[in-house]
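Asker: Let me give you the structure first, and then I'll get to my questions.
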Protein chains: 2
Amino acid sequence: MVFVLVAIAALAGVVVYIAPASGLADGEAAPIFGVTIPPGYRDWRLISVAHEEGNLDDLRAILGNDAAVEASRQGKLPFPDGTIIARLAWSYVPLEESSKAFGRLQSFVAGPPKNGVQFMLKDSRKYASTGGWGFAQFDDGKPANEAMHKTCFPCHEIAKTRDFVFNRYAR
Amino acid sequence: MVFVLVAIAALAGVVVYIAPASGLADGEAAPIFGVTIPPGYRDWRLISVAHEEGNLDDLRAILGNDAAVEASRQGKLPFPDGTIIARLAWSYVPLEESSKAFGRLQSFVAGPPKNGVQFMLKDSRKYASTGGWGFAQFDDGKPANEAMHKTCFPCHEIAKTRDFVFNRYAR
């Protein structure tokens, strides 16, 4: 059915992206919450961007599946079951051409991946004890350890009034 | 045809985004290059993220239409005709919850829009005298003035060896 749609769409001259309804793939599951890497997440739409100073020292993008983007855009809380939010991060590196042109550090861009990729998956029944969210971090595609996963919810609890999500939709 | 596809796709349980093949909308055209705001650009996929220090002081996202994303991902230069790259930017604001938790400034997130939205559109014949690119900046949906548009190409010329595009695809 999916392939038929793509073929029809190609003939119609439109561009079609197709994502599986489940949003979940095979692959090693992260400890505690059992979350796996959702396929195609790098192609998800942008919710917001961020920069962490200090030890983290990275540039970030918050992407979301359709449920996440629609809810964020509408500012609708709590997020519906099936929401998945992805936090990507990269090294914070000066853009060489810009430094030369300005004669000082001016532009910083995303370098190699850093601080892993994190996901929040909403399932209000399965993850009832952690605000309805399952958390996961993957470093080079491998789940981080259990101790690391124990730190997710206590930190996100700070944003309880926003359904435990730090970032707002960037308009 | 488009609506039929969406209906079929909904029944099939898949998610479908549809973008017009032209990528260009009505709306006031920017001076010199005549570029208009491409419809749906906020939903385009992410190429990279950046932070400008100094007077610009913003957080940025570089999004691209399909041609832009595919070429960036493959590191394929020059970009094909029809490529459109969008540069969004927002105020660089501290995340309040994070500052409280850390007892110092730690996380910076996207605040209100800042420094306009910029586009680069590839048409190697139409824009032959500016490396094949048309440039545009819009502030609150209105094109910036001609003087501003005269600054685009001289600045992007620094990145001539990368087809005048500063950002690389963030993996």
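The values are calculated or read from the model by the stated rules, or taken from the named source; none is laboratory data. Since the structure is predicted, the reported quantities are computational estimates derived from the model, not experimental observations. Note: ideal-geometry Cβ built from the backbone for every residue, glycine included; neighbour counts use all protein chains shown. Side chains are part of the model used for accessible areas, which takes the heavy atoms of the whole protein and leaves out ligands, DNA and RNA. Shrake-Rupley method; radii C 1.70, N 1.55, O 1.52, S 1.80 Å.
Asker: Restricting to segment B:142-171, name every residue that is within 9 Å of chain A (Cβ to nearest Cβ), of a type in the set (A, V, I, L, M) and free of Cβ contacts under 8 Å to residues at least 12 places away in the same chain.
Answerer: The answer is B:Ile158, B:Ala159.
Asker: Pick from B:Phe119, B:Phe135, B:Phe108: which is under 30 Å from A:Lys160 (Cα atoms) and in a strand (DSSP E or B)?
Answerer: None of the others qualify; the one that does is B:Phe108.
Asker: So, one more: Between A:Phe102, A:Phe108, which is facing chain B (nearest Cβ under 8 Å) and open to solvent by 60 Å² or more (accessible area, probe 1.4 Å)?
Answerer: Working: A:Phe108 fails: open to solvent by 60 Å² or more (accessible area, probe 1.4 Å).
Residue meeting the stated conditions: A:Phe102.
Asker: Out of all the residues in segment A:40-85, which are away from chain B (no Cβ under 11 Å), of a type outside the set (Gly, Ala, Ser) and in a loop (DSSP other than H, G, I, E, B)?
Answerer: The answer is A:Lys76, A:Leu77, A:Pro78, A:Phe79, A:Pro80, A:Asp81, A:Thr83.
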